[in-house]
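Chemist: First the structure, then my questions, so here it is.
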2 protein chains.
Amino acid sequence: MANKTLPGRDEDFSEWYNQLVIQSEMADYAPVRGCMVVRPYGWALWENISAWLDAEFKKTGHVNAAFPTLIPLSFFEKEKEHVEGFSPQLAVVTHGGGEELEEKLVVRPTSETMFGYMYSKWIKSWRDLPVLIVQWGSVLRWELRTKLFLRTAEFYWHEGHTAHATAEEAQEEMLRILDIYEKFSHEEAAIPVIKGRKTDSERFPGAQITSSIEAMMWDRRALQAGTSHYFGPNFAKAFDIQYLDRNNTLQYCETTSWAISSRMIGAIIMVHGDDQGLVLPPRLAPIQAVIVPIFRSDAEQGAVMEAADRIFGELKAAGVRVKLDDRDNVSPGFKFNDWEMRGVPVRIEIGPRDVENRSAALARRDRPGKEGKSFVAQANLVPEVKGLLDAIQSSLLQRATEYRDAHIHEPAGYDEFKQIVADGWAYAWWCGSAECEAKIKEETRATTRCIPADQPEGHGSCIYCGQPASERVYFARAY
Amino acid sequence: MANKTLPGRDEDFSEWYNQLVIQSEMADYAPVRGCMVVRPYGWALWENISAWLDAEFKKTGHVNAAFPTLIPLSFFEKEKEHVEGFSPQLAVVTHGGGEELEEKLVVRPTSETMFGYMYSKWIKSWRDLPVLIVQWGSVLRWELRTKLFLRTAEFYWHEGHTAHATAEEAQEEMLRILDIYEKFSHEEAAIPVIKGRKTDSERFPGAQITSSIEAMMWDRRALQAGTSHYFGPNFAKAFDIQYLDRNNTLQYCETTSWAISSRMIGAIIMVHGDDQGLVLPPRLAPIQAVIVPIFRSDAEQGAVMEAADRIFGELKAAGVRVKLDDRDNVSPGFKFNDWEMRGVPVRIEIGPRDVENRSAALARRDRPGKEGKSFVAQANLVPEVKGLLDAIQSSLLQRATEYRDAHIHEPAGYDEFKQIVADGWAYAWWCGSAECEAKIKEETRATTRCIPADQPEGHGSCIYCGQPASERVYFARAY
């Protein structure tokens, strides 16, 4: 059986990605326009992503619930920007139970309206606040150009929707979540992200502030990897979410919403993957270590498999997500390539000589060839493998951070700006005008990514119009 | 603030149930016909149900994945019984992205067809089998008469879909899952169920064998609480799921599907609840123990809260899902009733005298009043609470089993049968004819629930027609 191969990552990044998603069995195309099937290997990764975020949300007082998949079309008409933003993307149910519906329903593209409707029923008093509910599920947006994980008609996510008494509390919530997203990206996904607020033209439809985390892919394009929105009282007014404050006065709530979706999987693939396939961060990898036994004769097989079984048991008991590849119809070399394609962080090889020497060979996925290989005593295998997983996790973040930083530049003028965004990100002064932003996009295809909060104060000249500017913005071509 | 009250369970069971679901904040009616919102308290229960089942499925080799919410309408036309069964219940998407679709899509009512389509792409060889995939999510069936949790247009479930090389293996899988469902019901939900196969008229559309677990509610009606289906090669032929066997011959797969849905929550409510509200089995309860501090003066408050905080910390560290109710705007009595409504298994009361005596009062939810109250030393609180939780879990199962067994009878003749099914279940000989089954349903509203595999051999006379019968069947009025 021959191993699968990929186009070179640097030759054709787009095709490398598409084929890698399929060949690693992360996902497949579904027989419905723009939809995907997330296969078990991809879903196991999503479960690990979800488990960490879910635990973090619960630690910070959030609870989960389930709201309907179908939303009355009329709900979208209650918030002006929201309806304009989502109308072109809606899938509409017109018939149910064999009859035409009196009121059309849409498959939710996002659930601010449904949460808003229910919150107006549930919230009465300041004592009911804050309400901090998260929903895990999928939503549907009729996309024209789709790409597995990055942009599909149906995608998987959590959507948090919170209601607060004051603007201050709601904005704190927006930032608290953004911090959780940043922490997740750095510590779990090993992806260095830049957080900040979006410009007005890039705001979520209906939001007063949209903030995001932005990640650099291997092709230097930017990916918005998570968003957190502050709505002010917009949705509270549209859906009549009011509460009696401590003075018995009726007040509108202030609300937020936020999400990380299955496109995070796309980010992990595009940031860490290489010509051999996926490179998964150990903390999220469905399989952290794979054991490949190597033998020629039956006699060798007995001794090798005995050691392999024992090591498997020890690693499993120590909490390592380990797999023993005991397939008998493919060669060890095939297995090496196969698990490289799937991005398993550590490979453990055991052959007859290892059995004799009570040792094993470890190969780390992030450093191909001899450089990433080490030989360890079986007696030390558990701590060695755990240490290696930690080392790989740190190394991936460091490598991605260096890569990102090497491709972000501060342009002195617009000509340099154009050169920079052709193959990287520009961190540039911007006057705040939507016109300059639009012109830049038109002329360079680079869009504003986000405006970081923690930038040094000061003033400069807008990279486009030269007028005074008080903030710097990241510009990049984006997915 | 006044506590909420319920209609008596024995006066108006249906209204008792409806109000209990709302007042305990398990779920609410959604502004979409027949749909519900599962509120955080109800969803936390569902998460506990899901976590146990998910772990059990993974232990038995199953993996999770995600398939599209929308399915082409044409897929349903490939299996004759399946299309007949589901056509009247479909919600149909006719427009997407502002345009009329060339091919209509339906919001999935179940996913055999979509899994079938993908399995035909993925499965090539006997080495690929079995394929054991579970999807957690929701489905939609346009129901006319709905009831929260028991029958809603959209409901939450897992759907397992498996493909096997042989009929034997597929049937074993069907039974393996049915055993897991039974184990879950008994050990986790404290609901004694009867498992068996369905008659032909009650089969799932497209199945060769449907098996189920059947539970008795407090009103003696039956609830089908989980199903496991064996399809033979029906879906494999409809979707061309074929594999090369060891002799290189093309064979059709044998498939199964199975599910437990959020109606299990309805079963837990209807089996265990009482006039005061929910009674949740400890192993699934979102909150297993609630601490209610009792004090009058500020001085008392300090000492009581200090003890309450300490006990809270100890129980939490010991893995008990515990809540400290420190609300300052309601009385202890209000809190008692409030947590009784929500079915928290154990209440821990701490007042000034308890602080002095280094004791606490425990009240068990399943035994109201003095009978269920005990006083324990604070030093023993953790083991006492844990022991009590176990005792409540066992007691609930025992009580439900006794109740069920007291309401199942073996009728000697059809007159007695009619009396029995007016208020219980009948375990009766049946000749196997669909005609007798239909007549019984017409005349008594009782339907066949299931045919247990482990019934004593022998023969009798059909309870309806008197002809020879070789099997006994459970009959009951059902939800």
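Table: residues versus (1) farther than 23 Å from A:His164 by Cβ; (2) in contact with a strand residue (DSSP E or B) (Cβ under 9 Å, 6 or more places away or on another chain); (3) among the acidic types (Asp, Glu).
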{"site": "A:Asp54", "(1), (2), (3)": "no, yes, yes"}
{"site": "A:Phe76", "(1), (2), (3)": "yes, yes, no"}
{"site": "A:His82", "(1), (2), (3)": "no, no, no"}
{"site": "A:Ser111", "(1), (2), (3)": "no, yes, no"}
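Chemist: Here's a follow-up. Taking B:Pro7 as the residue in question, decide whether it is more than 9 Å from chain A (Cβ to nearest Cβ), in a loop (DSSP other than H, G, I, E, B) and open to solvent by 10 Å² or more (accessible area, probe 1.4 Å).
Modeler: yes
Chemist: Quick one: which residue in A:Asn329, A:Asn337, A:Asn380 is open to solvent by 50 Å² or more (accessible area, probe 1.4 Å), free of Cβ contacts under 8 Å to residues at least 12 places away in the same chain and not charged (D, E, K, R)?
Modeler: A:Asn380
Chemist: What are the residues in region B:127-136 that are within 11 Å of chain A (Cβ to nearest Cβ) and surrounded by 18 or more Cβ atoms within 10 Å (Cβ to Cβ), if any?
Modeler: B:Val131, B:Leu132, B:Ile133, B:Val134, B:Gln135, B:Trp136 - these are the residues of region B:127-136 that are within 11 Å of chain A (Cβ to nearest Cβ) and surrounded by 18 or more Cβ atoms within 10 Å (Cβ to Cβ).
Chemist: Here's a follow-up. Residue under question is B:Gly42, and the condition is that it be at pLDDT 95 or above, open to solvent by 40 Å² or more (accessible area, probe 1.4 Å) and in contact with a strand residue (DSSP E or B) (Cβ under 6 Å, 6 or more places away or on another chain); does it hold?
Modeler: no
Chemist: Give the residues of region A:162-191 that are open to solvent by 10 Å² or more (accessible area, probe 1.4 Å), touching a helix residue (DSSP H, G or I) at 6+ places or on another chain (Cβ under 7 Å) and not in a helix (DSSP H, G or I), sorted by residue number.
Modeler: Residue satisfying the conditions is A:Ala165 alone.
Chemist: Hey, another quick one. Could you tell me which numbered condition A:Gly266 fails, if it satisfies all but one of (1) open to solvent by 10 Å² or more (accessible area, probe 1.4 Å); (2) part of a helix (DSSP H, G or I)?
Modeler: In the conditions (1) open to solvent by 10 Å² or more (accessible area, probe 1.4 Å); (2) part of a helix (DSSP H, G or I), A:Gly266 misses (1) alone.
Chemist: Could you list, in sequence order, the residues of region B:397-427 that are open to solvent by less than 30 Å² (accessible area, probe 1.4 Å) and over 25 Å from the mean Cα position of the chain (by Cα)?
Modeler: As a first pass, look at region B:397-427 and keep what is open to solvent by less than 30 Å² (accessible area, probe 1.4 Å): B:400, B:411, B:413, B:417, B:420-421, B:424-427.
Selection gives B:Pro411, B:Gly413, B:Phe417, B:Ile420.
Chemist: Identify all residues within region A:201-228 that are under 23 Å from the mean Cα position of the chain (by Cα), open to solvent by 10 Å² or more (accessible area, probe 1.4 Å) and farther than 30 Å from A:Asp275 by Cα; write none if there are none.
Modeler: Of everything in region A:201-228, those that are under 23 Å from the mean Cα position of the chain (by Cα), open to solvent by 10 Å² or more (accessible area, probe 1.4 Å) and farther than 30 Å from A:Asp275 by Cα turn out to be A:Ser201, A:Glu202, A:Arg203, A:Phe204, A:Pro205, A:Ile209, A:Thr227.
Chemist: Which residue out of A:Gly61, A:Gly85 is outside any strand (DSSP E or B), buried (at least 18 other Cβ atoms within 10 Å of the Cβ), of a type in the set (Gly, Ala, Ser) and more than 7 Å from every other protein chain (Cβ to nearest Cβ)?
Modeler: Within the list A:Gly61, A:Gly85, the selection yields A:Gly85.
Chemist: Moving on to the next point. Looking only at region B:140-160, filter to residues that are assigned to a strand (DSSP E or B) and at the interface with another protein chain (Cβ under 9 Å from one of its Cβ atoms); which one of those is farthest from B:Met264 (Cα to Cα)?
Modeler: Ranking the qualifying residues of region B:140-160, first place goes to B:Leu140.
Chemist: Please indicate, with yes or no, whether at least one residue in region A:389-397 is of a type in the set (Asp, Glu) and free of Cβ contacts under 8 Å to residues at least 60 places away in the same chain.
Modeler: no
Chemist: Is there a residue being in a strand (DSSP E or B), among the β-branched types (Val, Ile, Thr) and modelled with pLDDT of 95 or more anywhere in region A:220-238?
Modeler: yes
Chemist: Filter region A:276-317 down to residues that are buried (at least 24 other Cβ atoms within 10 Å of the Cβ) and part of a helix (DSSP H, G or I), then give me how many there are.
Modeler: Adding up the residues that qualify gives 1.
Chemist: Let me ask you something else. Filter region B:29-58 down to residues that are at the interface with chain A (Cβ under 7 Å from one of its Cβ atoms) and in a strand (DSSP E or B) and give me whichever is farthest from A:Val106 (Cα to Cα).
Modeler: My answer is B:Val38.
Chemist: Let me ask something else. Could you check region A:137-161 and list, in sequence order, the residues that are among the hydroxyl-bearing types (Ser, Thr, Tyr) and open to solvent by less than 40 Å² (accessible area, probe 1.4 Å)?
Modeler: Residues satisfying the conditions are A:Ser138, A:Thr152, A:Tyr156.
Chemist: Of all residues in region A:88-122, count the ones that are more than 29 Å from the chain's Cα centre (by Cα), surrounded by 22 or more Cβ atoms within 10 Å (Cβ to Cβ) and part of a loop (DSSP other than H, G, I, E, B).
Modeler: So the answer is 0.
Chemist: State all residues of region B:340-377 that are at positive phi and either open to solvent by less than 10 Å² (accessible area, probe 1.4 Å) or not basic (Lys, Arg) (or both); if no residue qualifies, say none.
Modeler: Passing the criteria: B:Gly343, B:Gly369.
The values are calculated or read from the model by the stated rules, or taken from the named source; none is laboratory data. In this text the structure is predicted, and so the values were computed from the model without any measurement. Neighbour counts run over all protein chains shown; Cβ positions are idealised from the backbone, glycine included. The protein model used for the area step is the full one, side chains on, heavy atoms only, and it has no ligands, DNA or RNA in it. Shrake-Rupley method; radii C 1.70, N 1.55, O 1.52, S 1.80 Å.
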